[in-house]
1. Restricting to the range 187-203, name every residue that is of a type in the set (Gly, Ala, Ser) and over 16 Å from Arg139 (Cβ atoms).
2. Kindly indicate whether His150 is outside the structural domain of Arg81 (by TED's automatic domain parsing) and either modelled with pLDDT of 95 or more or acidic (Asp, Glu) (or both).
3. Within the range 26-70, track down each residue that is aromatic (Phe, Trp, Tyr), more than 18 Å from Trp101 (Cα to Cα) and at pLDDT 90 or above.
4. Take Ala176 and decide whether it is surrounded by fewer than 22 Cβ atoms within 10 Å (Cβ to Cβ) and of a type outside the set (Val, Ile, Thr).
5. Name the residue, out of Ser182, Ser199, Ser163, that is of a type in the set (S, T, N, Q), touching an Asp or Glu at 6+ places or on another chain (Cβ under 6 Å), within 28 Å of Thr40 (Cβ to Cβ) and touching a residue at least 12 places away in the same chain (Cβ under 8 Å).
6. Suppose we filter the range 80-135 for residues that are modelled with pLDDT under 95, among the β-branched types (Val, Ile, Thr) and more than 14 Å from Pro170 (Cα to Cα); how many remain?
7. Go over the candidates Glu162, Glu187 one by one and state the one that is more than 16 Å from Leu126 (Cβ to Cβ), surrounded by fewer than 21 Cβ atoms within 10 Å (Cβ to Cβ) and out of contact with any Gly (no Cβ under 9 Å at 6 or more places or on another chain).
8. Just need a number here: residues in the range 145-203 that are of a type outside the set (Val, Ile, Thr), assigned to a helix (DSSP H, G or I) and under 30 Å from Thr24 (Cα atoms).
Amino acid sequence: MHPSLRERAALCDLFEQLGPDAPTRCEGWRTTELAAHLHTREHRLDAGPGLLGRGPFARYTAKLEAKAAERPFGELVAELRDGPPRQWFGRYVPAGDIHEWFVHHEDVRRANGELPRLDDDLDEALWVALGRWGKILTRKADVGVELVAHDGRSRQAKDGDESVILRGRPGEIMLALFGRESASTLEGSDAALAKYHASTIGL
């Protein structure tokens, strides 16, 4: 089973264990709102334009998510566990969705007292995903960004005259690039670090 599918199943298990009102690391969202977001993302293709932006598209998507959150929590979780509908590409290419399931699984785990995981298979899949997502998430950085995994592997996510180094297990690097607190470290000159922190990192 691909790690993305394992993350989906594990998050659904955690949803069932914690119930609808547990905290998450997504500001303003309990487990109910997070499950509704994930469900809307997969089951309402018309929500797509509003998932990343602001303005009328985002307001429309927020209404869809709010409507989904009114459904029984158990039904939402059961449908998430069953997987996306046929028209959703992630049904056929689960590797393309690993960032979503990993990050949100950690949003729930760590908001409820869990520590970082040591999972080599998961880290390998996330390192592969960082080949794409590292570039996407650092595209607006005003400084170069080098990603260095715990095993010494590295990749340049963003070119620049000077680079910062984001170092850690691939999952921790992924979390940091998505704006989450993580067990990664950021290294560089004072000037490079200042440029990084002043940049927009993420989606």
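1. Passing the criteria: Gly188, Ser189, Ala191, Ala192, Ala194.
2. yes
3. None - no residue of the range 26-70 is aromatic (Phe, Trp, Tyr), more than 18 Å from Trp101 (Cα to Cα) and at pLDDT 90 or above, so the list stays empty.
4. Details: surrounded by fewer than 22 Cβ atoms within 10 Å (Cβ to Cβ): no; of a type outside the set (Val, Ile, Thr): yes.
For Ala176, the condition - surrounded by fewer than 22 Cβ atoms within 10 Å (Cβ to Cβ) and of a type outside the set (Val, Ile, Thr) - is not met.
5. Going through Ser182, Ser199, Ser163 in turn, just one is of a type in the set (S, T, N, Q), touching an Asp or Glu at 6+ places or on another chain (Cβ under 6 Å), within 28 Å of Thr40 (Cβ to Cβ) and touching a residue at least 12 places away in the same chain (Cβ under 8 Å): Ser182.
6. 1
7. Every option except Glu187 fails the conditions.
8. From the range 145-203, those of a type outside the set (Val, Ile, Thr) are 146-147, 149-163, 166-172, 174-184, 186-199, 202-203; that's our starting set.
Pick out the ones that are also assigned to a helix (DSSP H, G or I) and you get 170-172, 174-177, 190-198.
Remaining after also requiring under 30 Å from Thr24 (Cα atoms): 170-172, 174-177, 193-198.
Number of matching residues: 13.
The values are calculated or read from the model by the stated rules, or taken from the named source; none is laboratory data. Just so it is clear, the structure is predicted and the values come from calculations on it, not from any experiment. As a convention, Cβ positions derive from the backbone with ideal geometry for all residues, glycine included, and neighbour counts pool all protein chains shown.
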